Number of protein chains: 2
Amino acid sequence: MGQLGRVFDPRSIAVIGASDNPEKRGYRAMLDLVESEYEGRVYAVNPNREQVFERTAYASVHDIPGEVDLVFVTIPAAYVPDAIYECGKKDVAGAVINTAGFGEVGEDTLEERLAEAAAETGVRILGPNIEGVDFPHRNVHLLGGIRTTPGHLGMLTQSGNIGHQLSVDAQDSGNVGFSYNIGVGNETDIEFHEYLTFLDSDDMTNGVVVYVEGMNDGRAFLQAAKRVSREKPVVVHKSGRTSAGKGSVKSHTASIAGDVDVLESAYRQAGVQPVENIDLLVPVAEALTNAPIPEGPRIAVLTDGGGHATVTADALKRAGLDLPDLSDGTQATLEEIYELSPSLDNPVDVMGAADHEVMWYDTARYILEDPNVDALLVAGAALGYEECWAGDPGERDPEIARKLGELVDEVGKPVVFASMWEELNCSTALEQLAANRVPVYERIDTAVSALRALADYGTHLATVDRKSDFVLPDGSNAHPTVTAALDEDRSTLTEFESKELLADYGVPIAPFELAETAPEARKAAAEFDGPVAMKIASRDIVHKSEAGGVELDVAGQEAVTEAFDRLLTRANEYDPSAEIEGVLVSPMVGDGIELIVGVTDDPEIGPVVTCGIGGVLVEALDDAAFRALPVTEYDARRMLDDIDAQALLDGPRDLPSVDRSELIDLLRSVSDLVSENPAILELDINPVIATADGLSAVDASIEMGRD
Amino acid sequence: MGQLGRVFDPRSIAVIGASDNPEKRGYRAMLDLVESEYEGRVYAVNPNREQVFERTAYASVHDIPGEVDLVFVTIPAAYVPDAIYECGKKDVAGAVINTAGFGEVGEDTLEERLAEAAAETGVRILGPNIEGVDFPHRNVHLLGGIRTTPGHLGMLTQSGNIGHQLSVDAQDSGNVGFSYNIGVGNETDIEFHEYLTFLDSDDMTNGVVVYVEGMNDGRAFLQAAKRVSREKPVVVHKSGRTSAGKGSVKSHTASIAGDVDVLESAYRQAGVQPVENIDLLVPVAEALTNAPIPEGPRIAVLTDGGGHATVTADALKRAGLDLPDLSDGTQATLEEIYELSPSLDNPVDVMGAADHEVMWYDTARYILEDPNVDALLVAGAALGYEECWAGDPGERDPEIARKLGELVDEVGKPVVFASMWEELNCSTALEQLAANRVPVYERIDTAVSALRALADYGTHLATVDRKSDFVLPDGSNAHPTVTAALDEDRSTLTEFESKELLADYGVPIAPFELAETAPEARKAAAEFDGPVAMKIASRDIVHKSEAGGVELDVAGQEAVTEAFDRLLTRANEYDPSAEIEGVLVSPMVGDGIELIVGVTDDPEIGPVVTCGIGGVLVEALDDAAFRALPVTEYDARRMLDDIDAQALLDGPRDLPSVDRSELIDLLRSVSDLVSENPAILELDINPVIATADGLSAVDASIEMGRD
């Protein structure tokens, strides 16, 4: 971290493109450095001026007499690579490149030249195409005159204005802020995972918030995030969530694995908390870095009115959190204290009780000490009623707030407030709570999102060692079927090859025989004892249904012969030049829920396994779960929990339930297969039928590519 | 409205239970009236005191010398009915009953006595079990010392604290407030729909927000809301959204029609905008009462950064709103103005443009004048950047804000801001916008919820005359099958009766014959030409599958005989005392998507029709749409749009698509049937199979009850 240490704690900064013209970014950067509390040396670089800001303007960084740790670059894009070479000669540690006009506007060649300059000189590049950076604790403010709220969160953002908005959110929240505000831009040199690793090593940083539009190396980010999130929470908003255009979509798996759900599933797998909008980044990070991490999702509610009790319970249930019953002991204690109260179970409604200390401290303690409870949400008008209406805080509420902070530390369970006073900033007690690191939110749904993230993070930390490390093997153990096909320059395996390959890795495939002649087909059908499915087998015919190449429920020797002949006739009509290998004969599989299992190659994070409701419902329901490969047994098990239509897995009406253990094994087999054969870009098993006898894959296809 | 006019604009108020003890509610009420700007006469009623608040304390309302319009009642519950009788003698118009301890704690008899007192005396009762009321424009503040933010929204709330929170929300928002804050409580006398009708007639009220936990007469509310919402928007949050326990659930329809979706669908049908949490009530009402109502859901975005453009587009798409392309003319105009900008289509990103007036006024005008655009969302750092960072508003931004307000009036399309500055209250220009009735929100998702409600309200107003009025016939036209069964004291129709009844109303039923003997069954099967379904027919056997009373895919004369015998044997084993009418024989219906159509009797709004994905998937997917009866052709059509799995209706893979016109006819037939036969409490047609030949209902059951 030596070089990045110089970048993020620079003793000297040069502005390349320094200017005396207030309209220019190079003026603002100089002003930011010269008029701030920054204590390092500041240099101006501008070959067209003698002086800028009444100090020497150097023609090149190279001409600066002293050492330069960091440069801020704001000159036309075409000149940037040469400037970096100059920096290299001067042993500059890093360059913040404000200049835009590279890959983001199609200037890919220029961006490649910039990447080469970084690689050849060793100068680390932040950006390009970023508003700048702000390191508040270093007094390095390079965001065009705007300062970031100081604190202990590292911020990585691909939008300057969203970075500003997060800073404003932190300012409003009162007890979080940022150790670094880093524009990530095009990631031409330093990528997300490197920033994340630096922030992990940084003592001033206790958590990370990320606004990302797209990552160059999402796989490396997952690996780093898994390490970092063991110690420091990482909260991410991924935008472009609904964008289309994920490249060509050949398989059913690809058609349902094309959106942000894939990335969010992988983030969660790595212990990162994704949030669904930017307004939740700071509030969630505030909870994760200020409150103790709970063991699970069992939330108790304490409030002073039936209305807030009801709407809070609604919001918690909607978020999938649990509202446990309080233990008998706690209930008995509360009944002793409150003679008459509408509700003494969870939510606990203390409306009508007189003493604030009893309501908001004693009751909170009893609830927090209850073994059934992982966390407490206080909602409504607590700790502010008198002050916000009458203007006098008194001494009690602030003191109760102070003691609540101590209680949280003592019990080690989080308390989160959703207060109707927060938006008015009218309660001294709520300020005291925030000062004691108890998160206070304006909206109930924000508080619930924070609790959801706390519970998820707690669950992750308890299970992290059972989850994937996202490390893929090197491909040296590839299967002969795959290497043979690649040697023949084929990118598609036949159904026969795909099924043999899957069977080799332990995937339960419905029995199948390749019949080259009608008598062979009859013999196979007779062995299977019952109606059969017959499908044309040809490496030249990929879309078998379209070619009329599928006959189902064929029963009887005569029918098999006729079907065999029909399949060959239709295949010949469909593509006279197709080389026909024969007909694949399989027994008809019994009734059961149809599942889909597949793998796609995500442009950001690489291979991802999908499992969901398949067959005729696959696109209609779009109900699937995703995990980055390789998956562990735990990953696969949790994946099944992510499927919405759990009732289908449990066997609706007369259908058998899905054997989850067998499905987990199948997912791990597919994970092994694709991990060991990186040439595979798409794998599609649809359907896998869950019959009373277990799982049976009845169709499969595999697409490959070369890097 | 004469009497309610006295209630809501009282010239004199008496406090029953007035007290000099500051711990008592009757002290606070006196203080609120005496120390406020209320100009009417104030009387104290307390039989145990000579004086209260240094004025005469009357033993009874009856003893007060002058006229009394309104009383505030805060005495023990047991004394309340008698106090109302006293008020009756005095011709009091209304009573705000703060006292709790009636039906809400199981004291149903006491609540009935109170209802009788109201009915017999003609005194209108608000509550009981309410914190109070606040009529800000009348200076009537009876909420325990707390004052409601004044404005033009009527508020109906079943929680005092949530009423306070809405008032705080309005205070923070800056340009909405309340004409009335009315605690609704137990609705012992005045019900939601009566308040709503009063607010409709009130000149100071331009919209209504409702927090409801449960309504006594939701049907009357729907009827009133349909009328009121033609002129004044109505926004509702219904809590207890996830509560269980809707009474006995006999049918599949009932199992999926038991949650808040039913009520929200009916609200929308009536033109009411439901919101999913209380934090949205005020922001949505703000938009609906301040902004012009748009014609549709086509939203343009104007912003100053790629990050905000992306996250805003995400949020709009997530909410189901459209982001139209701008027309060629608008695009050409914008290209002339902005020489280089990352995005000139929608979202329009003007980052880097220099002139604020061009960015935020001219561009807004071009976009609003575009015929492709119904409404404009401005997101990001607009109109506040300099002031919020540097402290100086200058003159330009406030002036632009003022002109934007005029532009909205001129063009008649709404503009909504989502501003990162709003939470800091740092921008004079944003205050100017609010003053000009342009809604400004802190969070993008709040702005999007407001736009969603604006678009939905606009769509409603354009189609209101094609939607239900919620008026049900009186039942005088009941069907003989129904009246006959009721005369026999039966609550369940047999499948045979149900199908005949449905067929009479025009529902397409798969052909069926009742065979009393095996030869009759063979004859029926032969007529149907193909495999048949056979089901035991007995009014004593409701759960046919459970009784082994169903045989499917029976083919051939011999098999029909065997199946007939098996069905009778099993029925006899299942219930030896059951009277067997015979066996119902039907042809097997071809492949197709299975739908469910049904009717349930909602405890709040009465008969509701359900349509969704049926068969084996019904509970697993829980994908259905709901409308209150009777449904119009338009209601039924929109209902089908509400089903999530549209791809199933459109015919996935090789299955035929659902004939929507035929399904609409079916829904209207069911609506007619149940509307004309109010004894029917549950109707279940599951499945209706959508084959290539059209819809075919293959199973049906009907449950009845008496009022």
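The values are calculated or read from the model by the stated rules, or taken from the named source; none is laboratory data. The structure displayed is predicted, hence computed values, not measured ones. Cβ: placed from backbone, ideal geometry, glycine included. Neighbour counts: every protein chain shown. In case anyone asks, the SASA skips ligands and DNA or RNA and just uses the protein heavy atoms, side chains included. Shrake-Rupley method; radii C 1.70, N 1.55, O 1.52, S 1.80 Å.
Out of the residues in the range A:184-210 meeting the condition of being among the aliphatic types (A, V, I, L, M) and within 14 Å of chain B (Cβ to nearest Cβ), tell me which one is nearest to residue A:108 (Cα to Cα). Among those residues, the one meeting the criterion is A:184.
Taking the range B:600-653 as the range and being over 22 Å from residue B:470 (Cα atoms) and touching a residue at least 60 places away in the same chain (Cβ under 8 Å) as the test, the residues that pass are B:614, B:615, B:618, B:619, B:622.
The residues of the range A:551-577 that are in contact (Cβ under 8 Å) with a residue 40 or more places away in the chain, farther than 19 Å from residue A:589 by Cβ and touching a helix residue (DSSP H, G or I) at 6+ places or on another chain (Cβ under 6 Å), listed by number, are A:561, A:564. Criterion first (under 21 Å from residue A:275 (Cα atoms) and in a loop (DSSP other than H, G, I, E, B)) does residue A:240 satisfy it? Yes: the conditions hold for residue A:240. Would you say residue B:563 is open to solvent by less than 20 Å² (accessible area, probe 1.4 Å), part of a loop (DSSP other than H, G, I, E, B) and among the small types (Gly, Ala, Ser)? No: the conditions fail for residue B:563.
Do you know which residues across the range A:451-477 are among the aliphatic types (A, V, I, L, M), under 15 Å from residue A:414 (Cβ atoms) and touching a Pro at 6+ places or on another chain (Cβ under 9 Å)? Within the range A:451-477, A:451, A:453, A:454, A:455 qualify. When you go through (1) away from every other protein chain (no Cβ under 13 Å); (2) open to solvent by 30 Å² or more (accessible area, probe 1.4 Å); (3) of a type outside the set (S, T, N, Q) one by one for residue A:213, which number turns out not to apply? That leaves (1) as the condition not met.
Quick check on the range A:160-182: of everything there that is within 12 Å of chain B (Cβ to nearest Cβ) and without any contact (Cβ under 8 Å) to a residue 60 or more places away in the chain, which residue is nearest to the chain's Cα centre (by Cα)? Taking the candidates together, the pick is A:163.
Counting only residues that are in a helix (DSSP H, G or I) and either within 13 Å of another protein chain (Cβ to nearest Cβ) or over 18 Å from residue A:377 (Cβ atoms) (or both), which one in the range A:333-350 is modelled with the lowest pLDDT? Going through the qualifying residues, I end up with A:337.
Number of residues in the range A:373-403 that are over 16 Å from residue A:312 (Cβ atoms) and among the β-branched types (Val, Ile, Thr): the value is 1.
The requirement of being in contact with a helix residue (DSSP H, G or I) (Cβ under 6 Å, 6 or more places away or on another chain), within 14 Å of chain A (Cβ to nearest Cβ) and open to solvent by 10 Å² or more (accessible area, probe 1.4 Å) is fulfilled nowhere in the range B:401-410; no residue meets it. Could you say whether any residue in the range A:441-453 is in contact with a helix residue (DSSP H, G or I) (Cβ under 6 Å, 6 or more places away or on another chain), of a type in the set (Asp, Glu) and within 20 Å of residue A:302 (Cα to Cα)? Among the residues of the range A:441-453, at least one is in contact with a helix residue (DSSP H, G or I) (Cβ under 6 Å, 6 or more places away or on another chain), of a type in the set (Asp, Glu) and within 20 Å of residue A:302 (Cα to Cα), which makes the answer yes. If residue A:353 meets every condition in (1) within 14 Å of chain B (Cβ to nearest Cβ); (2) among the small types (Gly, Ala, Ser); (3) over 39 Å from the mean Cα position of the chain (by Cα); (4) within 28 Å of residue A:296 (Cα to Cα) apart from one, which number is that one? Condition not satisfied by residue A:353: (4). Within the range B:56-89, the set of residues being more than 21 Å from residue B:187 (Cα to Cα), in contact with a helix residue (DSSP H, G or I) (Cβ under 7 Å, 6 or more places away or on another chain) and surrounded by fewer than 19 Cβ atoms within 10 Å (Cβ to Cβ) comprises B:60, B:62, B:89. Taken as a whole, the structure leaves residue A:442 outside the set of residues that are more than 13 Å from every other protein chain (Cβ to nearest Cβ) and among the acidic types (Asp, Glu).
Please work out if residue A:27 is of a type in the set (Ser, Thr, Tyr), out of contact with any Gly (no Cβ under 9 Å at 6 or more places or on another chain) and more than 15 Å from residue A:138 (Cα to Cα). So residue A:27 fits the description; yes. Whether any residue in the range A:330-346 is closer than 16 Å to residue A:458 by Cβ and either touching a strand residue (DSSP E or B) at 6+ places or on another chain (Cβ under 7 Å) or among the basic types (Lys, Arg) (or both) is what I want to check. Within the range A:330-346, none of the residues are closer than 16 Å to residue A:458 by Cβ and either touching a strand residue (DSSP E or B) at 6+ places or on another chain (Cβ under 7 Å) or among the basic types (Lys, Arg) (or both). Filtered by the rule that a residue be open to solvent by 10 Å² or more (accessible area, probe 1.4 Å) and either closer than 20 Å to residue B:146 by Cβ or small (Gly, Ala, Ser) (or both), the range A:365-400 gives A:385, A:386, A:387, A:388, A:389, A:390, A:391, A:392, A:393, A:394, A:396, A:397.
I'd like to know if the range B:669-688 contains one or more residues that are touching a residue at least 12 places away in the same chain (Cβ under 8 Å) and within 14 Å of another protein chain (Cβ to nearest Cβ). Looking for residues that are touching a residue at least 12 places away in the same chain (Cβ under 8 Å) and within 14 Å of another protein chain (Cβ to nearest Cβ), one finds at least one in the range B:669-688, hence yes. Residue count for the range B:366-388 under the criterion of being part of a loop (DSSP other than H, G, I, E, B) and of a type in the set (D, E, K, R): the result is 3. Restricted to the range B:150-190, and to residues that are of a type in the set (Asp, Glu) and touching a helix residue (DSSP H, G or I) at 6+ places or on another chain (Cβ under 7 Å), which residue is modelled with the lowest pLDDT? Checking each candidate, the answer is B:172. In the range B:239-264, which residues are touching a Pro at 6+ places or on another chain (Cβ under 9 Å) and either among the aliphatic types (A, V, I, L, M) or at pLDDT 65 or above (or both)? Matches in the range B:239-264: B:260, B:263, B:264. For the range A:604-619, a residue qualifies if it is crowded, with 24+ Cβ neighbours inside 10 Å and more than 21 Å from residue A:474 (Cβ to Cβ), and the qualifying residues are A:610, A:611, A:612, A:613, A:614, A:617, A:618. Scan the range A:422-437 for residues that are touching a strand residue (DSSP E or B) at 6+ places or on another chain (Cβ under 9 Å) and either crowded, with 24+ Cβ neighbours inside 10 Å or within 14 Å of another protein chain (Cβ to nearest Cβ) (or both) and jot them down. Answer for the range A:422-437, where residues must be touching a strand residue (DSSP E or B) at 6+ places or on another chain (Cβ under 9 Å) and either crowded, with 24+ Cβ neighbours inside 10 Å or within 14 Å of another protein chain (Cβ to nearest Cβ) (or both): A:422, A:427, A:430, A:433. When restricted to residues that are away from chain B (no Cβ under 14 Å) and in contact with a Phe, Trp or Tyr (Cβ under 9 Å, 6 or more places away or on another chain), the range A:378-398 contains 1. Filtering the range A:270-328 to residues that are assigned to a loop (DSSP other than H, G, I, E, B), more than 9 Å from chain B (Cβ to nearest Cβ) and of a type outside the set (Gly, Ala, Ser) leaves A:272, A:275, A:292, A:293, A:294, A:295, A:297, A:321, A:323, A:324, A:325, A:326.
Would you point out which residue out of B:463, B:459 is open to solvent by 40 Å² or more (accessible area, probe 1.4 Å), at pLDDT 95 or above, closer than 23 Å to residue B:668 by Cβ and not small (Gly, Ala, Ser)? Only one candidate passes the filter, namely B:459.
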